[in-house]
Amino acid sequence: MTETFVLVPGMWLGGWVWDAVAERLEAAGDKSVAVTLAGVGDRVGEGDADLEQHVADIIAATRGQENVVLVGHSYAGLPVTAAAARIPVSRVVYVDSGPLPDGARQLDMGPPPESTDAVPPRPWDQAEDPILLAGLDEDALALLRKRSTTHPYASVAQPLRRGGSLNPPASMIACTFSLEQIAEMRAAGHPFFAAVSDDMVIRSLPTGHWPMLSEPARLAELLRA
């Protein structure tokens, strides 16, 4: 059965970041739709889009598609979770992300921004950030520096509101957390994994936080699996 993978990037990046993964999915006989969220990438001029606008972007990308697999990387786990609760999809895959509970905000996942202006991209310096940027070669880092843009503040500040229940099967591809770390954090009640169900399939892909650039072939295989 042919599936349609709707690929949603995390902060600062447009749909282009999925190019190598999309190529492999399509070579295997599936379809792909890479989403660029409002206010990011080549849509950076569209203003301070909020989380609900990003949910709407994802829902719009699924229209007319069949056997939809929603794929959310990093920040995109938030709008993907809401979209999957509101529209029928075949399944959901979280890439170094997860189905966060209602009320969660991206703003709470790390150090707060210095202002309420659009959030600037990270410096993409592997020496300063060796864990998250693991596996990226100089070409990939140069591409990230060239093509990343600011990310709308409103989208990271707005709390998640699902507007329904997450019914389709969901799985996770963990890159920067080991399976053992995830089990420990779940047992400790860490909010990042608070909504991970006992029956969720979690696959390990040890690399940095951007596997679509560091391990595109293996990521495509895991998405299809």
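The values are calculated or read from the model by the stated rules, or taken from the named source; none is laboratory data. Model, not experiment: these values are computed from the prediction. For neighbour counting, all protein chains shown are included, and Cβ atoms are generated from backbone atoms with ideal geometry for every residue, glycine included.
Mind telling me which of the residues ALA134, ALA85 ends up being within 26 Å of ALA174 (Cβ to Cβ), in contact with a Cys (Cβ under 9 Å, 6 or more places away or on another chain) and touching a residue at least 12 places away in the same chain (Cβ under 8 Å)?
On the way: ALA85 fails: in contact with a Cys (Cβ under 9 Å, 6 or more places away or on another chain).
None of the others qualify; the one that does is ALA134.
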Taking the condition of being touching a residue at least 60 places away in the same chain (Cβ under 8 Å), assigned to a helix (DSSP H, G or I), surrounded by fewer than 23 Cβ atoms within 10 Å (Cβ to Cβ) and under 14 Å from the mean Cα position of the chain (by Cα), how many residues in the stretch 1-43 meet it? 1
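Determine which member of the set SER155, SER197, SER165 is modelled with pLDDT of 90 or more and among the small types (Gly, Ala, Ser). If you could, list the steps in order and put the result at the bottom.
Working: SER197 fails: modelled with pLDDT of 90 or more; SER165 fails: modelled with pLDDT of 90 or more.
The match here is SER155.
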I need every pair where a residue in the stretch 185-213 that is without any contact (Cβ under 8 Å) to a residue 12 or more places away in the chain has its Cβ under 9 Å from the Cβ of a residue that is in a loop (DSSP other than H, G, I, E, B) and among the aliphatic types (A, V, I, L, M), sequence separation at least 6 or different chains. ARG186/ALA194; ARG186/VAL196
Kindly establish whether TRP124 is at positive phi and buried (at least 19 other Cβ atoms within 10 Å of the Cβ). yes
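For (1) assigned to a loop (DSSP other than H, G, I, E, B); (2) farther than 16 Å from LEU160 by Cβ; (3) modelled with pLDDT of 95 or more, each residue gets a yes or a no:
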site: ALA61; (1), (2), (3): no, yes, yes
site: GLN65; (1), (2), (3): yes, yes, yes
site: ALA76; (1), (2), (3): no, no, yes
site: PRO79; (1), (2), (3): no, no, yes
site: VAL92; (1), (2), (3): no, no, yes
site: SER115; (1), (2), (3): yes, yes, no
The stretch 135-173, residues that are charged (D, E, K, R) and either buried (at least 19 other Cβ atoms within 10 Å of the Cβ) or in contact with a Ser or Thr (Cβ under 7 Å, 6 or more places away or on another chain) (or both): ARG162
Odd one out for PRO113 among (1) surrounded by fewer than 22 Cβ atoms within 10 Å (Cβ to Cβ); (2) at positive phi: (2)
